[in-house]
Amino acid sequence: MTVPVIAEPVVRIGAFTVTNALVNSSLLMLAIVSFSFWFRSSLHKIPGRIQNLIELLLETMLGYFDQVTKSRAKSKRFLPLVGSLFIFILLSNWMGLLPGTGSIGVWQVVHGELELVPILRPAMSDLNLTLAMALLSIITSHVLGMLTVGFFVHWNRFIQLGGLWKGVKTLNPMKILVAMIEFLVGLLEIVSELAKVLSLSLRLFGNIFAGEVLMTVIAGLVSFIVPMPFMLLEILVGIVQATVFSMLTLVYLSVLTEKPHGSHEEHPVAVASHA
Amino acid sequence: MSAEVTQLAAEAAKTDVLGTLGINWKLFLAQLVNVGIVIFVLSKWVFKPLVKLMDDRVKKIDDGLAHAKEADRRLKDAKDKESDLLAQARKESRMMIDEAIVKGEKERSERVERSKQDIDAQVEEAKAKIVQEKVDALEAVRLEVAELVMRATHKVAATAADDAMQRRYVEQALQELEQTKV
């Protein structure tokens, strides 16, 4: 039994092909919606056990967020996106470890051979999902950045025409050189923004896909007891990957919603050249 | 049908890099919708109400602590005021008691003095009365005695003396009695 890189089609609804990873993410989405609906209606000033647990989780998350944002107000502002991503990724990763995922399926003829196509596959082992989340994170960070620091200040991080023009106006060769270097660095920042999307999506996809392959191989070799340590490892990987993805998103959000250094002051190198 | 779909996917994979990695814009949008729904629902039904609830609770606790602190301060002020008032009242009551004692003592002295004067006046009056009564008694006794003497003399001298003699004896007796009185 093999685990293909691409999520396998399970059913076709009109022109739309439903993959096993989409089934997993949809089931999780429905579970989260149901739980949230129930939770909203059972919210009380004096918390019950489950509300206490969720409050504890929320307080812990906000505590970690504060270490990055250095501000409780910012942490609360980013909580809906980052917290939701963390919970979705974590539960999705753990859901992939439930019995039946990867083992219950339908027999189909693939490339001329009869193969068992699983109905459920870890949602994060589909690059479509990880890429969607990464793009959402990066686009949101840019939108919030523009809304917070202003359109021109935000895009001046990447296309530093203002600095270049100021440098040219001084007719100081050193300042012009520094401005050109900063302009080129700004262009490189655009490339790094694309790299963020790729690194976020591929890291999560790679780790979860590798875990799924590992679990399949181990379970194929020995079905009982032996896969247990690996399952424990996958539980940890699930936590680590959810944390990494959400914390990196938080870092991007924090950085892009802060005013860039020296946006209202002369560049230190330029000051030094004056001296 | 499934084999057909797999074949289509395989064909897509041959055509471009994204296809090779399994990127399909329809699946991408479907997954994006799933993530969007999760973020929206968690944000709307879990995070925002819970954060508001926790903030309200923190505010309530802070207010409660501030109120408790204020109540402690007011209680301390009230206790201080109470002790001040009690001290003042004690001082005033002591002054009033002292004043009353002095006043009472003065009143008692006056009354005692007045009583003494009344008693002295009564005693004097009684003494005068006694003296008067004594004088009256003596006069009555003198008259009685004179009468008795006169009767006795009359009886004794009825036979032996004449009237002139009797009168002389009587006068003599009266003189003696007068001297005796003085």
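The values are calculated or read from the model by the stated rules, or taken from the named source; none is laboratory data. This structure is a prediction, so every number in the text was calculated from the model and none was measured. Positions of Cβ are generated from backbone atoms using ideal geometry, with glycine treated the same way; all protein chains shown enter the neighbour counts.
On the basis of being of a type outside the set (A, V, I, L, M), in contact (Cβ under 8 Å) with a residue 12 or more places away in the chain, farther than 28 Å from A:Leu248 by Cα and in contact with a Lys or Arg (Cβ under 6 Å, 6 or more places away or on another chain), does A:Gly163 make the cut? The answer is no for A:Gly163.
The residues in segment A:11-37 that are surrounded by 12 or more Cβ atoms within 10 Å (Cβ to Cβ) and more than 23 Å from A:Met124 (Cβ to Cβ) can be counted, and the count is 2.
A:Trp165 meets the conditions (1) crowded, with 18+ Cβ neighbours inside 10 Å; (2) within 24 Å of A:Pro260 (Cβ to Cβ); (3) of a type in the set (A, V, I, L, M, F, W, C); (4) away from chain B (no Cβ under 11 Å) in every case but one. The failed one is (1).
Of all residues in segment A:207-220, none satisfies being more than 18 Å from A:Pro122 (Cα to Cα) and of a type outside the set (Phe, Trp, Tyr). Taking the stated definitions as given, is B:Glu144 at pLDDT below 90, exposed (fewer than 12 other Cβ atoms within 10 Å of the Cβ) and out of contact with any Leu (no Cβ under 9 Å at 6 or more places or on another chain)? Taking the combined requirement at face value, the residue satisfies it. Checked against the criterion of being closer than 30 Å to A:Val82 by Cβ and either away from every other protein chain (no Cβ under 14 Å) or of a type in the set (Lys, Arg) (or both), segment B:36-46 has at least one qualifying residue.
In the set (1) touching a helix residue (DSSP H, G or I) at 6+ places or on another chain (Cβ under 6 Å); (2) more than 23 Å from A:Ala195 (Cβ to Cβ); (3) buried (at least 18 other Cβ atoms within 10 Å of the Cβ), A:Phe86 fails one condition alone, (2). Looking at B:Val102, B:Val51 in this structure, which one is free of Cβ contacts under 8 Å to residues at least 12 places away in the same chain, within 14 Å of chain A (Cβ to nearest Cβ) and surrounded by 10 or more Cβ atoms within 10 Å (Cβ to Cβ)? The conditions single out B:Val51.
Quick one: would you say A:Asn52 is touching a residue at least 40 places away in the same chain (Cβ under 8 Å), more than 8 Å from chain B (Cβ to nearest Cβ) and assigned to a helix (DSSP H, G or I)? Against the criterion (touching a residue at least 40 places away in the same chain (Cβ under 8 Å), more than 8 Å from chain B (Cβ to nearest Cβ) and assigned to a helix (DSSP H, G or I)), A:Asn52 does not qualify. For segment A:114-162, give me each residue that is of a type in the set (Ser, Thr, Tyr) and more than 13 Å from chain B (Cβ to nearest Cβ). Residues satisfying the conditions are A:Ser141, A:Thr148.
Would you check which residues across segment A:1-49 are assigned to a helix (DSSP H, G or I), more than 7 Å from chain B (Cβ to nearest Cβ), among the polar types (S, T, N, Q) and closer than 30 Å to B:Ile61 by Cα and list them? Reasoning before the result, please.
Of the residues in segment A:1-49, the ones assigned to a helix (DSSP H, G or I) are A:20-41, A:49.
Filter once more, keeping what is more than 7 Å from chain B (Cβ to nearest Cβ): A:20-21, A:23-24, A:27-28, A:30-31, A:34-35, A:38, A:41, A:49.
From the residues that got through so far, the ones that are among the polar types (S, T, N, Q) too are A:20, A:24, A:34, A:41.
A:Ser41 - this is the single residue of segment A:1-49 that is assigned to a helix (DSSP H, G or I), more than 7 Å from chain B (Cβ to nearest Cβ), among the polar types (S, T, N, Q) and closer than 30 Å to B:Ile61 by Cα.
Residue pairs whose Cβ atoms lie under 9 Å apart, separated by 6 or more positions or on different chains, with the first residue in segment B:131-157 and touching a residue at least 40 places away in the same chain (Cβ under 8 Å) and the second not aliphatic (A, V, I, L, M), are B:Leu138/B:Lys181. For segment A:63-78, the criterion of being farther than 25 Å from B:Ile37 by Cβ, at pLDDT below 95 and in a strand (DSSP E or B) is met by no residue.
Determine whether B:Val149 is over 18 Å from B:Gln179 (Cβ atoms), among the β-branched types (Val, Ile, Thr) and either surrounded by fewer than 10 Cβ atoms within 10 Å (Cβ to Cβ) or modelled with pLDDT under 90 (or both).
When the stated conditions are applied, B:Val149 does not pass them.
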